[in-house]
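Read through the structure below, which is laid out as C-alpha cells, and then see the notes.
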Amino acid sequence: MVELDAERLRQMLPPEGVGMKHSPIRLCGACYAESVCHKIEWQFKKTVGCDRHQLRLLSKCPVCEKPFPIPALWMDGQCQRCFTSFAEMAKYQKPY
C-alpha cells in the first residue's frame, strides 16, 4: 500500500520501548537550516534536545509563540503567523 518493504518501514518507527510524543510538534532550527525536513527523533518522549547541535528543541515559534502545526502543514519552512523562518529560530534555542 505504501510501496515500502517491511524492513524500511520498521527503520522509520521509533526503537522498541521508545514512546512518541505526538504533541507538541518540536523542531531544531539549526537542523532545519541544514536540511529541510522534520526528524522523527524530535518527537521521541526521551528526546529533549538536538544531539547534533546540543540545543533544546522548540515546540512553538519563539517570536510569536504559535505552536507548530504538524510537519505536513509546514509551508515555506516558516511560522504561519509571523513568518519567522525555522532556520532563524535557531538563535533562540538554548543549549541543553
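A few comments on the model shown:
- Test for CYS50: is it in contact with a His (Cβ under 8 Å, 6 or more places away or on another chain) and surrounded by 10 or more Cβ atoms within 10 Å (Cβ to Cβ): no
- Some residue of the range 53-69 being touching a Leu at 6+ places or on another chain (Cβ under 9 Å), over 15 Å from LYS94 (Cα atoms) and in contact (Cβ under 8 Å) with a residue 40 or more places away in the chain: yes
- Residue within the range 31-38 that is of a type in the set (S, T, N, Q), free of Cβ contacts under 8 Å to residues at least 12 places away in the same chain and surrounded by fewer than 18 Cβ atoms within 10 Å (Cβ to Cβ) present: yes
- Count of residues meeting criterion [closer than 20 Å to SER23 by Cα, in contact (Cβ under 8 Å) with a residue 12 or more places away in the chain and among the hydrophobic types (A, V, I, L, M, F, W, C)] in the range 70-89: 5
- In the range 18-30, the qualifying residues are those that are under 12 Å from the mean Cα position of the chain (by Cα) and not in a helix (DSSP H, G or I), and the one that is surrounded by the fewest Cβ atoms within 10 Å (Cβ to Cβ) is HIS22.
- Failed condition for GLN78, given (1) surrounded by 13 or more Cβ atoms within 10 Å (Cβ to Cβ); (2) under 15 Å from LYS94 (Cα atoms): (2)
We did not get these values from a lab; they are worked out from the coordinates using the rules stated. Since we're looking at a predicted model, the values are computed, not measured. Neighbour counts are summed over all protein chains in view; Cβ atoms, including those assigned to glycine, are modelled from backbone coordinates with ideal geometry.
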